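In what follows, a structure is listed as structure tokens, so that the remarks can point back to it.
The values are calculated or read from the model by the stated rules, or taken from the named source; none is laboratory data. As the structure is a computational prediction, the values presented were derived from the model and not from experiment. Methodologically, a virtual Cβ is constructed for each residue, glycine included, from the backbone with ideal geometry; neighbour enumeration extends over all protein chains shown. In case anyone asks, the SASA skips ligands and DNA or RNA and just uses the protein heavy atoms, side chains included. Shrake-Rupley method; radii C 1.70, N 1.55, O 1.52, S 1.80 Å.
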Amino acid sequence: MNAVDPHLHATRTTCPYCGVGCGVLATPDGNGGAAIAGDPAHPANLGRLCSKGSALGETLSLDERLLHPMMRSDDGEMAQVAWGDALDHVAEGFQKVVAEHGPSAVAFYLSGQLLTEDYYVANKLMKGFLGSANVDTNSRLCMASSVAGHKRAFGADTVPGCYEDLDQADLLVLVGSNAAWCHPVLYQRMLANKQTRGARIVVIDPRRTDTVGDDDLFLGLKPGTDTALFSGLFAYLADNAALDRSYIDEHTSGFDDALVRARTIAGSVVATAKATGLDEIDVATFFQMFKATPRVVTLYSQGVNQSAQGTDKVNAILNCHLATGRIGKPGASPFSLTGQPNAMGGREVGGLANQLAAHMGFTPVDIDRVRRFWKAPHIATHEGLKAVQMFEAIGRGEIRVLWVMGTNPAVSLPDADAVRAALSKLDLFVVSENVRSNDTVNAGAHVLLPALAWGEKSGTVTNSERRVSRQRSFLRAPGEARPDWWALSEVAKRLGYGASFAYTSAAEIFREHAALSAFENNGNRDFDIGGLMKVSDEAFDTMAPVQWPVREGTTKPQARFFADGQFYANDRRARFIAPEAPELRTQVSIERPLRLNTGRVRDQWHTMTRTGLSPRLGQHIPEPFVDIHPDDAAQFGIVDGGHARLTTDYGECVLRVIVSERQQRGMLFAPIHWNDETAGFARVGGLVAPITDPFSGQPENKATPVAIVPAAFTQRGFVLSRIPLEMPFGVQWARVAVTGGVGYLLSDSTDVETWQNWLKPLLGDDAAEYEDVGQGVYRAVSFKDDGIETCLFIGPTEGALSWDAVKELFAAETVSDDQRRTLLSGKSADGAASAGPIVCACFGVGRNTICDAIAAGAGTAAEIGAKLKAGTNCGSCIPELKRLIATSEAEPDQQRKVAAS
Ligand SMILES: Nc1nc2c(c(=O)[nH]1)N[C@H]1C(S)=C(S)[C@@H](COP(=O)(O)OP(=O)(O)OC[C@H]3O[C@@H](n4cnc5c(=O)[nH]c(N)nc54)[C@H](O)[C@@H]3O)O[C@H]1N2
Ligand SMILES: Nc1nc2c(c(=O)[nH]1)N[C@H]1C(S)=C(S)[C@@H](COP(=O)(O)OP(=O)(O)OC[C@H]3O[C@@H](n4cnc5c(=O)[nH]c(N)nc54)[C@H](O)[C@@H]3O)O[C@H]1N2
Ligand code: SF4
Ligand SMILES: [Mo]
């Protein structure tokens with residue numbers, strides 16, 4: 001089943017990160033690693049990969065992996081146990097609590113990073129056999145508002161368009177999407193369209209991100225005001241004869257009411273500008289462009305979904321596309337960009353608490369249909385609790401047993417401190433994981449079940465354009481790791497449901513899932529892959545990426561939905577929705593004068609359990625930070641490069657400061673990635689308000705009222721080590737992978753002696769130390785064999801050394817005598833300047849090298865590319881290259897200063 005021999009030829013598989021769903025060719029090296037390349041035959045990427053995908057080979061180490069089932073004993077220690085014992089314990093726990101407290105006292109919390117087959121089995125077990133719909137997923141934090149918006153408008157959760165639309169559009173509107181960093185391969189596709197066909201790009205985001213190109217229209221609106229912008233657009237289209245009247249009349253309902261509402265929210269360009277904080281001229285330009293361009297794709301992501309009015313934002317966008325009939329046509333469609341590799345697969349199986357299965361809901365007819373198909377003894381008859389409410393119910397003791405699979409809620413849910421506290425109250429807390437340690441595991445898990453990871457697991461995922469692709473194993477299952485579907489099926493057997501969970505392969509589960517999608521479908525449900533329900537094991541193994549629907553008996557592919565106006569409501573019409581006027585549900589105040597926006601950086605993935613292992617990816621942005629506008633920084637006494645303490649009603653953290661004009665006044669931005677495993681005091685999820693959208697239940701992750709004050713530290717430094725180390729308490733630290741080990745960036749206000757005492761047990765016989773007592777500088781290096789084993793550099797914050805030169809020596813296997821002598825100076829032995837922080841992750845090109853090339857005459861990103869290759873693979877760093885060129889023109893010395901900080 002999972003005893004795959006490592007075959008040394010390339011395996012076609014799919015990237016485990018974002019929803020673009022790029023095809024990957026993985027060639028195992030026979031030692032547990034693999035060479036990674038883009039799959040030229042995969043329609044999502046045609047051979048391209050972004051920095052994260054390219055670095056997948058650096059994330060395959062088993063060092064941090066959970067390889068055996070573990071159980072907490074009575075003395076609180078985790079100990080390895082046999083699979084059978086762990087599974088017995090889990091089954092008994094579920095059985096006992098269901099018997100005593102009913103099925104609503106148990107829950108699963110799943111993930112858009114599971115395979116469809118894992119997801120299907122989990123959903124079937126909980127909703128069909130345990131009798132509860134308490135199955136929710138991190139997709140609640142991600143896609144739920146799009147799902148709810150689609151269902152309200154289309155009668156089904158359908159993504160109408162496909163990636164080819166991005167090549168064919170003349171106008172690409174990105175709303176709340178930083179695609180340059182979060183969907184890089186698709187973003188490159190959009191840029192190619194811009195370059196070859198002249199497509200225009202509009203970016204709607206409170207921050208000027210790297211997604212905004214020089215000649216793009218950037219609408220830096222006030223947070224949460226997207227509904228006003230698209231209401232204004234709707235009214236403008238109506239007032240300027242831009243409607244598709246026949247489409248509206250024949251295929252939709254609710255137009256008049258929705259238009260009346262749009263007019264009350266923002267009935268003119270002037271009113272729209274006022275409601276959004278934008279310039280009238282920019283609003284008018286955008287409206288005019290949208291009106292004049294039939295081929296328009298509006299792409300939206302977390303700036304839309306993660307909002308207390310996310311569903312209304314989605315519908316405000318869909319209204320404009322329905323009103324112009326620009327839906328499901330080549331180059332003309334709304335397009336929800338999905339986050340995770342299998343966000344879509346989760347929706348297909350019904351992994352959300354308010355779905356049943358296969359795009360069916362909790363209507364009597366659907367419940368009966370799914371019950372008969374599954375031969376389910378205890379079918380759930382009503383919706384379960386959505387993520388935020390689920391964890392609140394855990395906190396109140398109403399849910400007593402929880403199985404978490406493939407997600408790290410102690411980091412990623414809002415009000416994450418409360419989540420952690422809730423987890424510690426569970427009677428039984430089961431975690432299926434790839435890693436031995438993360439914030440959720442450490443929040444008091446009773447049972448840990450080792451799951452196969454990417455490269456080992458095998459099944460299917462569905463990307464943003466409804467394309468089902470295979471993830472294939474190319475590495476042997478390590479230790480006792482097993483597929484998630486296997487662990488679920490084993491528990492089901494122990495609960496007495498063996499006959500319904502007798503799966504022996506992912507292919508078998510996939511066939512059942514496909515059969516359910518077609519069961520009594522008759523064209524009434526969009527999700528139908530009945531054409532695949534008889535796929536043989538061999539055909540499943542070689543299955544090429546395929547877009548749904550794949551209806552039985554039809555061979556004609558269907559790339560798009562709804563150009564024909566046939567929707568999925570009973571009357572087959574789409575609905576215009578009248579949204580509420582935008583109004584943030586939290587208020588800023590004197591105590592909390594700013595709003596905290598949160599999101600992603602280019603080279604890290606979520607809670608860093610995988611990208612955090614890649615030295616290449618650790619170089620772009622090595623520590624957590626907060627972006628602040630210069631005027632706000634001045635007002636609150638915050639300095640660039642210093643630290644600041646952020647406080648909300650829910651929690652606190654301390655972050656390094658970046659003062660930037662790209663940030664709008666009144667708002668801060670902090671990345672979500674760092675957590676208690678990878679930093680001290682930087683778990684941003686602890687700050688976020690647990691306010692949710694009334695329709696989707698999705699939390700508003702992007703606008704929590706916050707206070708900021710300076711946090712000054714007297715010392716700054718770093719540690720490089722072959723193995724992870726525990727930092728002294730109270731230190732502000734951030735950990736990233738470096739070549740050959742781990743690196744910690746440190747800030748604190750203790751003294752040199754504290755660090756000397758901390759280091760003492762780590763310094764071996766062969767060590768060199770340097771101390772300048774007057775200056776408060778201490779540097780120490782311990783050697784093993786011919787290389788560096790551990791080193792610590794600490795000194796006053798002012799004038800602190802960069803770690804680049806030392807990192808280069810740490811990476812080398814042997815350090816020469818000359819290098820040893822100069823090491824403690826922080827300079828490289830040959831006196832050459834270091835490459836500086838890496839800008840181009842694909843080719844490892846540093847900022848200093850790039851600045852030298854600019855100084856030597858490279859005046860465009862293309863010229864830098866020709867000289868250094870930087871920016872010529874995934875292209876994600878091109879905006880940064882352009883910025884470096886612009887800054888060096890303005891102020892030639894500025895770059896060196898930045899690089900030295
Ligand atoms: N590098 C990287 N890529 C990823 C991921 C990752 O962790 N790292 N995660 C994947 C996942 S799961 C997801 S969901 C996607 C997310 O992809 P994106 O949605 O593109 O990423 P975010 O950074 O969360 O947020 C997008 C933007 O929304 C903006 N925003 C905030 N408030 C508002 C608002 O009120 N209106 C508008 N219009 N914009 C607003 C933010 O400023 C931010 O720039 O990325 C996927 N890709
Ligand atoms: N403030 C704020 N919070 C956010 C967001 C935001 O923008 N702002 N974004 C939200 C969004 S969109 C998302 S998607 C979430 C993501 O947040 P999470 O889902 O919590 O983050 P991950 O780090 O992806 O967690 C995945 C975990 O599953 C494990 N894993 C990976 N593959 C498998 C597998 O096959 N089986 C098993 N059993 N385990 C596996 C990994 O080791 C890791 O621990 O964060 C959400 N939280
Ligand atoms: S864009 Fe990057 S992260 Fe997303 S699927 Fe492609 S290679 Fe993976
Ligand atoms: Mo997501």
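Where only DSSP H runs of four or more residues are counted, the chain gives -8500 deg cm²/dmol as its mean residue ellipticity at 222 nm, each run worth -39500 (n - 2.57).
Ranking of SER825, SER132 by solvent-accessible surface, largest first: SER825, SER132 (1.4 Å probe, protein heavy atoms only, all chains present).
Take each peptide in 268-280, 618-630, count the other Cβ atoms within 10 Å of every residue, and average; sorted highest first, the result is 618-630, 268-280. Remark on ALA477: its backbone amide H falls under 5 Å from those of VAL4, a criterion applied only to residues 5 or more positions apart or on other chains, H modelled at 1.01 Å from N. Take the Cα of ALA862, step 7 Å toward its Cβ, do the same at SER246, and the gap between the two points is 4.4 nm.
Please list, in order, the residues from region 852-879 whose amide nitrogen is less than 19 Å from a point placed 7 Å along the Cα→Cβ vector of GLN195. Once the point is set 7 Å along Cα→Cβ of GLN195, 858-879 turn out to lie under 19 Å by backbone N, inside region 852-879. When nucleic acids and ligands are ignored and a 1.4 Å probe is applied, PHE290 ends up with an accessible area of around 0 Å².
Cross-link reach is defined here as a Cα-Cα straight distance under 17 Å, omitting same-chain residues fewer than 8 places apart; for LYS827 the lysines meeting it are LYS807, LYS897. Extending 7 Å from Cα along the Cβ direction at ARG72 and again at ASN522 yields two label points whose distance is 5.2 nm.
Rounded to the nearest whole Hz, the Karplus-based 3J(HN,Hα) values (6.51 cos²θ - 1.76 cosθ + 1.60, θ = phi - 60°) of region 451-459 follow the sequence 9, 4, 9, 4, x, 10, 7, 8, x, with x at glycine and proline. Heavy atoms only, probe 1.4 Å: what % of the accessible area of the chain goes to carbon and sulfur, would you let me know? Exposed carbon and sulfur together represent 51 percent of the surface.
Of the GluC sites (Glu not before Pro) found in region 671-731, those in coil by DSSP whose Cβ has at most 10 other Cβ atoms within 10 Å are GLU726.
Panel values: the chain, Kirkwood radius from alpha carbon pairs, Stokes-Einstein at 25 °C and 0.890 mPa s, translational diffusion coefficient 87 µm²/s. Listed by chain and number, the lysines placed with their C-alpha closer than 29 angstrom to that of LYS556 are LYS151, LYS329, LYS534; residues fewer than eight positions away on the same chain are left out.
Highest average first, the peptides 782-793, 225-236, 498-509 ordered by how many other beta carbon atoms sit within 10 Å of their residues are 225-236, 782-793, 498-509. Near ARG326: Cβ cut-off under 9 Å, other residues only, Lys/Arg at +1 and Asp/Glu at -1. The net charge is +1. Ordered from largest to smallest accessible area (heavy atoms of protein chains, 1.4 Å probe), the residues MET289, MET78 come out as MET78, MET289.
The DSSP beta bridges internal to the chain are antiparallel in roughly 60% of cases.
Cα-based radius of gyration for region 498-586, normalised by 2.2 N^0.38 Å, reads 1.51.
What accessible area per residue, rounded to a whole number of Å², is obtained for the chain using a probe radius of 1.4 Å?
35 Å²
The gain in end-to-end length when the ASP167 to ASP785 segment is fully stretched comes to 217.0 nm, 0.36 nm per residue minus the alpha carbon separation. The label-point distance for ALA768 and ASP368, in a model that sets each label 7 Å from Cα toward Cβ, rounds to 8.2 nm.
Computed extension gain for LEU62 through GLU538, at 0.36 nm per residue and net of the alpha carbon distance, reaches 168.4 nm. Mind checking which aspartates and glutamates have their Cα closer than 15 Å to the Cα of LYS425? Skip sequence neighbours fewer than 8 apart in that chain. Reachable aspartates and glutamates: GLU392, GLU398, ASP417. Applying the criteria of a DSSP loop state and at most 10 other Cβ atoms within 10 Å to the chymotrypsin sites (Phe, Trp or Tyr not before Pro) of region 691-775 yields PHE729. Span-like helix criteria (full DSSP H runs; alpha carbon extent of at least 24 Å along the helix axis; mean Kyte-Doolittle hydropathy of at least -1.0) are satisfied in the chain by 83-101. Dividing the radius of gyration of the alpha carbons in region 722-826 by their Kirkwood radius gives 0.92 for Rg/Rh.
Comparing Cα centroids, region 373-387 and region 653-726 end up 38 angstrom apart.
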